[in-house]
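This report concerns only the one structure given below.
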Amino acid sequence: AQKVTQAQTEISVVEKEDVTLDCVYETRDTTYYLFWYKQPPSGELVFLIRRNSFDEQNEISGRYSWNFQKSTSSFNFTITASQVVDSAVYFCALIVESGAGSYQLTFGKGTKLSVIP
Amino acid sequence: DSGVTQTPKHLITATGQRVTLRCSPRSGDLSVYWYQQSLDQGLQFLIQYYNGEERAKGNILERFSAQQFPDLHSELNLSSLELGDSALYFCASSPAKSWNTEAFFGQGTRLTVV
């Protein structure tokens, strides 16, 4: 069975601080995908990044960076110099192919980030 | 604007009733995904259709069904509604069959069962 743990339920930071959102996953499969999504107060979900299990290269996109470590089954997300617009709930997700072209998708419970001006 | 349109935005209905949620994917996208977000269960993947055929199934209840039409829009049918079905239902679309591409989400349909 798959599991995604986002241990931080809520985080508050002051604008311009850096913040890291943790994501720990469990799976016995060797092929899987990890995702991060953002859900701002307006409610829609926004895709941020996808990483497959064979690509441990870290990624940076502007103020966002992701650290994927298979050794610790973690896929952490860091926002540098946070801004008020970063206030949202962030979800980590794990996708595993469960055979015959079918997939099992498991979401974490989300981390609510509040950036205070 | 993601390009994915969901209607209606809000829906209030009584227990035992049946409702249909509609999703129009981005132009050219062949995959449509349905998700449910509730306070109790969090975010859950329900089902995926690709070019009219069911591609992947998640935690979709037997009371729920979906289909994708030739024009690629999709409908999620929820029947014998229970209070616990109250949730935000998202649709997403992507161009590809598999999960290794970016998916774009609609604004969601908020269903309230009373």
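No value in this document is a laboratory result; all are computed from the given coordinates. On a predicted model such as this, the values are computed, not experimentally measured, just so you know. We place every Cβ from the backbone using ideal geometry, glycine too, and count neighbours over all the protein chains shown.
In whole angstrom, how far apart do the alpha carbon centroids of segment B:27-45 and segment A:1-51 sit?
Taking the Cα centre of each part, segment B:27-45 and segment A:1-51 sit 16 Å apart.
Take the Cα pairs of the protein assembly as shown, get the Kirkwood Rh, then feed it into Stokes-Einstein at 20 °C and 1.002 mPa s and tell me D in µm²/s.
In µm²/s, the coefficient is 118.
How much net charge surrounds B:Ser2 when only the other residues with a Cβ under 12 Å from the Cβ of B:Ser2 are counted, with Lys and Arg +1 and Asp and Glu -1?
Combined, the nearby Lys, Arg, Asp and Glu give -3.
Calculate the dipole size of segment B:32-98 relative to its Cα centre from +1 charges on Lys and Arg beta carbons and -1 charges on Asp and Glu beta carbons; express the result in debye to the nearest 20.
Rounded to the nearest 20 debye, it is 220 debye.
What is the sum of charges around B:Lys97, taking Lys and Arg as +1, Asp and Glu as -1, for the other residues whose C-beta is under 13 Å from the C-beta of B:Lys97?
-3
What does the charge count near A:Gln83 come to, summing +1 for each Lys or Arg and -1 for each Asp or Glu among other residues with Cβ under 12 Å from its Cβ?
That sum, taken over residues with Cβ under 12 Å, equals -2.
What do you get for GluC sites (Glu not before Pro) in segment B:1-102 restricted to DSSP loop and a cutoff of at most 10 other Cβ within 10 Å of the site's Cβ?
Hits after loop and neighbour filter: B:Glu62.
Can you pull out the trypsin sites (Lys or Arg not before Pro) in segment A:17-68 that DSSP calls coil and that have at most 14 other Cβ atoms within 10 Å?
Sites meeting the loop and neighbour criteria: A:Arg28, A:Arg63.
Evaluate the charge dipole of the protein assembly as shown about its Cα centre and quote only its size in Debye, nearest 20, assuming +1 on the Cβ of each Lys and Arg and -1 on the Cβ of each Asp and Glu.
I would put it at about 220 debye.
Compute a Gaussian network model of chain A, connecting alpha carbons closer than 10 Å, and tell me which residue from A:Phe91, A:Phe35, A:Phe47 fluctuates the most.
Per the Cα network of chain A with a 10 Å cutoff, A:Phe47 tops the list.
Going by the alpha-carbon gyration tensor, a ≥ b ≥ c the square roots of its eigenvalues, is segment A:41-117 rounded (a/c under 1.5) or, if a/c is not under 1.5, prolate (a/b greater than b/c) versus oblate?
It is oblate, given that a/c is not under 1.5 and a/b is not larger than b/c.
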